Every structure is written in structure tokens, then in C-alpha cells.
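Working notes, beginning with the structure itself.
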Amino acid sequence: MAEVKVKVQPPDADPVEIENRIIELCHQFPHGITDQVIQNEMPHIEAQQRAVAINRLLSMGQLDLLRSNTGLLYRIKESQNAGKMKGSDNQEKLVYQIIEDAGNKGIWSRDIRYKSNLPLTEINKILKNLESKKLIKAVKSVAASKKKVYMLYNLQPDRSVTGGAWYSDQDFESEFVEVLNQQCFKFLQTKAETARESKQNPMIQRNSSFASSHEVWKYICELGISKVELSMEDIETILNTLIYDGKVEMTIIAAKEGTVGSVDGHMKLYRAVNPIIPPTGLVRAPCGLCPVFDDCHEGGEISPSNCIYMTEWLEF
């Protein structure tokens with residue numbers, strides 16, 4: 001397979017985008033967020049940039065600063081949410097509240113009708129009015145292409161709605177995923193080869209062949225092969241497919257709080273491996289290890305008829 005040519009392009013960090021993303025996180029977690037949450041969601045943003053964005057939002061009165069057992073919490077001001085619905089009637093406020101409670105996963109108009117007990121014609125009228133005020137927005141869901149879900153205007157849709165970085169206009173970007181798969185594995189292979197060439201004792205070689213998901217994420221970002229911003233969670237999804245393919249293994253180690261790439265005091269490390277013997281056909285049955293087994297059904301986006309893993313296994 002021909003090697004993909006890439007161009008080094010460091011990610012940009014627009015201050016306005018950072019502020020908007022922090023506001024989105026506060027809406028997703030109405031009880032408040034910590035600096036660690038912001039760091040995990042935007043690992044490419046420097047600490048100073050985060051501090052500038054947070055201080056600006058605090059100075060503009062968009063955030064409240066609270067103290068908790070875990071440290072400082074940033075929470076959206078309640079008055080800001082209340083002011084949006086000023087002058088609206090009770091029915092409109094009810095629909096807005098139902099949509100707000102749905103969060104970034106959104107809600108179908110049918111479910112709004114069920115929860116509000118309002119006629120469908122009235123709901124459609126309210127939805128159009130709220131959309132015109134830019135208080136809510138309609139988003140197409142990859143789970144049902146002909147249906148739209150409604151959520152607050154400034155929310156970033158959940159991955160279950162948009163399909164995340166792997167979908168574009170509701171179409172699965174299989175070529176993009178394959179390129180990422182190749183590049184992640186290439187990075188881990190290079191690291192493993194460098195460790196072997198160091199001629200140190202086997203234990204040191206093995207330990208130095210591991211790379212954190214943050215290292216792999218940083219490498220992919222520097223390649224500039226993605227048109228969309230990838231998170232560490234996206235990269236870990238790709239690394240998991242390599243694990244299921246038997247090309248990579250993962251281990252979890254303890255890490256100091258605040259260490260880049262760590263979550264809840266733990267860090268995931270990955271390394272490329274070579275299987276000692278090829279597995280037998282029965283052991284390679286893909287369904288037992290499939291990460292999207294629960295979403296697989298005939299007629300869906302993921303089904304046995306279009307499963308590349310099933311095809312390869314049957315041809316074994």
C-alpha cells in the first residue's frame with residue numbers, strides 16, 4: 001500500500017473558539033467543570049491560553065467561579081439562561097426547558113410532544129420561532145437520517161448524533177479512518193524499532209516502546225492529515241481498532257494528577273506487537289471482540305453484510 005504523503009501543520013488556537021468551547025462544556029455539565037475537564041477536552045491548548053479565556057469569560061460575567069472538594073469549579077451563570085426566554089409565553093418556555101434538559105444529544109419533536117402534551121402543530125410553530133431567535137438548532141442524526149433532533153443553539157452535538165470525526169454529512173469516512181489507522185500504527189512501529197535498536201536490556205527496550213495516547217494524538221495533529229479537530233478520545237478509538245486487529249497492546253499505569261494525557265490518575269500506554277503465531281480461523285471470529293457489536297444489525301449503518309472483518313474471516 002502506497003504511503004500517504006502528509007504535510008506538517010500545527011493546530012491553530014483561536015481565543016474566541018476556546019471561549020466558545022468552554023461555554024459549550026459548561027452547558028454540557030451544568031453543575032460545573034474543573035480545569036482538568038477543560039484540559040482533557042482541549043489537550044492542545046496551553047495552560048496560559050486556557051487561563052486567559054477563563055478570565056475573560058469571568059470578567060464578562062458569563063461564568064461563576066465556585067469552590068468544591070475537588071477544587072475550583074466554573075459554571076454558567078443562571079441569569080444568562082433565564083434572560084434568553086424573556087418575553088416568551090409559558091408554552092415556549094416549556095418546550096425550551098425540555099430541549100435544554102436533553103443536553104447535547106438532542107430530542108425529537110415526537111418526544112417533545114410526549115413530554116409537553118402540546119399539539120404537534122403548536123410544537124412546530126414554537127420550534128420555528130426558537131430557531132429564528134437562534135436559541136435552538138436542528139441537527140440531523142446519523143442514527144436516523146430522515147429525522148432531526150433539537151438542542152440548544154450553542155451546544156456541540158454529541159458523537160452519537162453526528163458520528164464524531166468519522167462521519168461527514170452522515171457518510172462514514174472509511175478512507176480517512178484507514179489513513180489514521182495506518183499512521184497510528186506506523187508511529188508505534190517506529191517507536192518499537194527505535195527501542196530495539198537501542199541495544200539496552202529487554203525490560204528497558206519494552207518500556208521505551210510504549211507511547212501514550214497523547215503522544216500519538218500529538219503526532220497525528222502535527223501531520224495535518226485531518227480537516228477536523230481530533231480529540232484524544234478519537235485517537236484512542238483508532239488505537240482500539242488496532243488492538244482488536246492484534247497489532248497493538250495496551251497497558252494502564254498510575255500517573256500524577258495533572259499529567260498530560262492522564263485521566264483520574266491513570267494513563268493508557270500503547271505499543272506495536274508482532275503475533276508469535278497466526279490465530280486460527282475460529283479464534284479470529286470478529287463478533288466476539290467487536291467494539292460496536294450492540295449497534296450491529298441488518299439494514300443499519302453497521303451490519304454483518306457490510307462488515308469488512310466478517311468478510312476477511314469468511315475468506316480465511
*Can you tell me which residues in the stretch 212-248 are acidic (Asp, Glu) and within 14 Å of Lys186 (Cα to Cα)?*
Glu215
*Among the residues of the stretch 230-252, is any outside the structural domain of Asn306 (by the TED database), open to solvent by 40 Å² or more (accessible area, probe 1.4 Å) and closer than 30 Å to Ser132 by Cα?*
no
*Considering each residue of the stretch 205-216, count those that are farther than 12 Å from Met267 by Cα, open to solvent by less than 70 Å² (accessible area, probe 1.4 Å) and out of contact with any Phe, Trp or Tyr (no Cβ under 9 Å at 6 or more places or on another chain), and give that number.*
3
*Subset of the stretch 145-156 (residues that are part of a loop (DSSP other than H, G, I, E, B) and open to solvent by 70 Å² or more (accessible area, probe 1.4 Å))*: Tyr153, Gln156
*Would you tally the residues in the stretch 238-290 being closer than 25 Å to Glu193 by Cα, at pLDDT 75 or above and assigned to a loop (DSSP other than H, G, I, E, B)?*
5
*Any residue in the stretch 134-144 that is more than 24 Å from His297 (Cα to Cα) and assigned to a loop (DSSP other than H, G, I, E, B)?*
yes
*asked:* Cβ contacts < 7 Å: first residue over 13 Å from Leu25 (Cβ atoms), restricted to the stretch 53-69; second residue open to solvent by 50 Å² or more (accessible area, probe 1.4 Å) and part of a strand (DSSP E or B), any location; separation 6+ or different chain. Result?
replied: Leu58/Leu65; Asp64/Arg75; Leu65/Leu72; Leu66/Arg75
*Conditions: (1) in contact (Cβ under 8 Å) with a residue 60 or more places away in the chain; (2) open to solvent by 50 Å² or more (accessible area, probe 1.4 Å); (3) on the phi > 0 side of the Ramachandran plot. Gly224 meets all but one. Number of the miss?*
(2)
*Pairs where the first residue, in the stretch 284-297, is closer than 11 Å to Tyr244 by Cβ and the second is open to solvent by 70 Å² or more (accessible area, probe 1.4 Å) and at pLDDT below 70, C-beta under 7 Å, 6+ apart*: Arg284/Phe316
*Look through the stretch 45-81, keep the residues that are crowded, with 17+ Cβ neighbours inside 10 Å and within 26 Å of Ile220 (Cβ to Cβ), and return whichever of them is farthest from the chain's Cα centre (by Cα).*
Ala53
*Restrict the check to the stretch 113-132 and report whether at least one residue is outside any helix (DSSP H, G or I), open to solvent by less than 70 Å² (accessible area, probe 1.4 Å), hydrophobic (A, V, I, L, M, F, W, C) and modelled with pLDDT of 80 or more.*
yes
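The values are calculated or read from the model by the stated rules, or taken from the named source; none is laboratory data. These numbers were taken from a predicted model, which means no experiment stands behind them. Heads up, the Cβs are rebuilt from the backbone with ideal geometry, glycines too, and the neighbour counts pull from every protein chain shown. Side chains are part of the model used for accessible areas, which takes the heavy atoms of the whole protein and leaves out ligands, DNA and RNA. Shrake-Rupley method; radii C 1.70, N 1.55, O 1.52, S 1.80 Å.
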